[in-house]
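Please treat every number below as a calculation from the coordinates, not as lab data. A quick note: this is a predicted structure, and the numbers were derived from the prediction, not measured. Every residue, glycine as well, gets a Cβ built from its backbone with ideal geometry; the counts of neighbours run over all protein chains shown.
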Amino acid sequence: MQTTDLLVIGSGISGLSYAIKVAQNFPDAKITIVTKADEEESNTKYAQGGVAVVTDFENDSFEKHIEDTLRAGDGLCKRETVEIVVKEGPQRFKEIVNWGAQFDKDDLGTYDLGREGGHTENRVVHHKDITGYEIERALLAVVENTPNISLFSHHYVIDLITEHHLPGVEFNSENIHCFGAYVLNLTSGKVKKFTSKITMMATGGCGHVYKNTTNPVIATGDGIGLAYRAKASISNMQFIQFHPTALYSNRSGQLFLISEAVRGFGAKLRTKDGKSFMHKYDEREELASRDIVARAIDNEMKLSGDDFVCLDCRHLDREKFMEHFPNIYEKCREEGLDMFRDLIPVVPASHYLCGGIDVDLHGQTSIHNLFAVGECSNTGLHGANRLASNSLLEAMVFGHRAALKSVELLKENNFDENKIKLVPEWDDEGLKVTQEMVLLNYLKKQLQIMMSDLVSIVRTNERLELAKEKEEEIHKSIKEIYKMNLLSPQLSELRNLVSVARLIIHQSIAQKENRGAFYNKDLDF
């Protein structure tokens, strides 16, 4: 059994910055971080572009950043959230720098600011094309030197603990508390209870509900699946952002992301036979928001029957390009492509979830003592579509706000200690950690193909109704496997992915107008 003041699930920028902040503001707190893979494996690590933050107050302003965010969100952003994130962003960015994260500067020593789709000014700070990796490195170094933070890698959360698990305690769905989580140690194969006063969900996205995604393999919607089963409020799941330019591959799974900053640098989109097309869809052309560019590419692929379109970098300044995007260039070379001689095949891929677990302005969910920060949460910042590079900024700002609120709650100390003591050990009577993956892999592929074919960039009423039926069939199969007392991280991930698929499908059916990243052909009249 592990008993802790704070249990943090996830080790990306959201979870790490939150843990550091609590540790600094309340040194007596015992903080435990659990993560299902290696400590550095997270969505943060793969964020290439950077952090959208106002640092140049001569050419840029909070008002411009706010308006760009609201425009990208297509009328569904919460303005108060947007103003908080944009205005508190510079201070949070300074803290990340003070913690050791390094960002590119020009010859004069000022930040080398990039520009991405939807931005009206250059405001994206970056570390070459591996910004997320650099932030993750810096935060982990701080965590390792913070004595009251413990980090458990290869620990997979099976379920959140609520009144539902407590013997003799009545479960009231209107008044739920979280008391920690049941966690599978992937090394020992044992499930242990981690009880906590406060639990923080920082589990990232759900990209692997689709066949093609830019997300790492860990992005299986775990936090949302866990929160859904615990009866938390979850919304805006219909707004899935597809990144327009992932490097095309015949293999399903994680595709290599070619950052939007490459188009901001001047790269052009072309059909397979070399014709430009973005002028037909938006006056901003390649710098239009992601939803517009992704739909344009999807439409061109449907018109031509091709499996991809192309990104043209051949006209760009080689020396400056290599300075900004060395890793992207090298990855293309590994695939036998020279960005200065060849057109680069690209396709849209599932990239970012704009909705998630509903939270207030301090990251608190509808379940008492359960917080959520980062991509698994729905703060209202992104609305119907995320403005590029706003996600790392949101994680910093809400990680900070959630930490301050958590410290406040820890000082008040009004937690129900008796209920925490009632939490039983995981019932592992007859439990078998399954090694048989063939059925799970088959069901996962079926789910991903169904979501990619029926609930992707362009949806229809008929496709959504069919998807609803197919999801129900897969859900029943997984339920039967779970009843057999089998357990594995793969089975738990699949349970979470099916919950995510259900939420996306049902909330897509309920959506009656096209906004931002959501597009249903039958509503276009």
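The figures follow:
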read-out	value
FRET efficiency estimate (nearest 0.05) - Cβ-Cβ, D522 to K231, R0 35 angstrom	0.65
Residues L186 and E283, FRET efficiency given R0 of 45 Å [Cβ-Cβ distance, rounded to 0.05]	0.30
Contour minus Cα-Cα distance for K320 and K94 (0.36 nm per residue)	78.7 nm
GluC sites (Glu not before Pro) within segment 75-170: DSSP coil, no more than 14 neighbouring Cβ in 10 Å	E170
Cα→Cβ-extended label distance, 7 Å offset, between V169 and A510, nm	2.8 nm
The chain, helix-only ellipticity at 222 nm - DSSP H runs n ≥ 4, -39,500 (n - 2.57), divided by all residues, nearest 500	-11500 deg cm²/dmol
Under-5 Å amide H pairs with Y519, H placed in peptide plane, nonlocal only	R459
Karplus 3J(HN,Hα) series, Hz, for segment 144-156 with 6.51 cos²θ - 1.76 cosθ + 1.60 (x for Gly, Pro)	4, 9, 10, x, 8, 10, 10, 10, 10, 7, 6, 10, 10
Links that overshoot a 27 Å alpha carbon limit, given the list K36/K411; K268/K320; K211/K470	K36/K411
Amide hydrogen neighbours beyond the local backbone of I367, cut-off 5 Å, H modeled	S233
Taking the chain and dividing mean pair separation by its residue count, relative contact order in percent (alpha carbons under 8 Å, at least six apart)	22 percent
Links that overshoot a 30 Å alpha carbon limit, given the list K193/K476; K94/K512; K21/K421; K231/K445; K78/K231; K87/K128	K94/K512
Calculated FRET efficiency for the pair K419/E63, C-beta based, R₀ 51 Å, to 0.05	0.60
Cα→Cβ-extended label distance, 7 Å offset, between E144 and H368, nm	4.0 nm
Separation of the Q24 and D56 label points, Cα + 7 Å toward Cβ, nm	2.7 nm
F26 long-range amide H proximity, modeled H, under 5 Å	none
Rounded to the nearest 20 debye, dipole of segment 404-525 from Cβ charges on Lys, Arg, Asp, Glu	280 debye
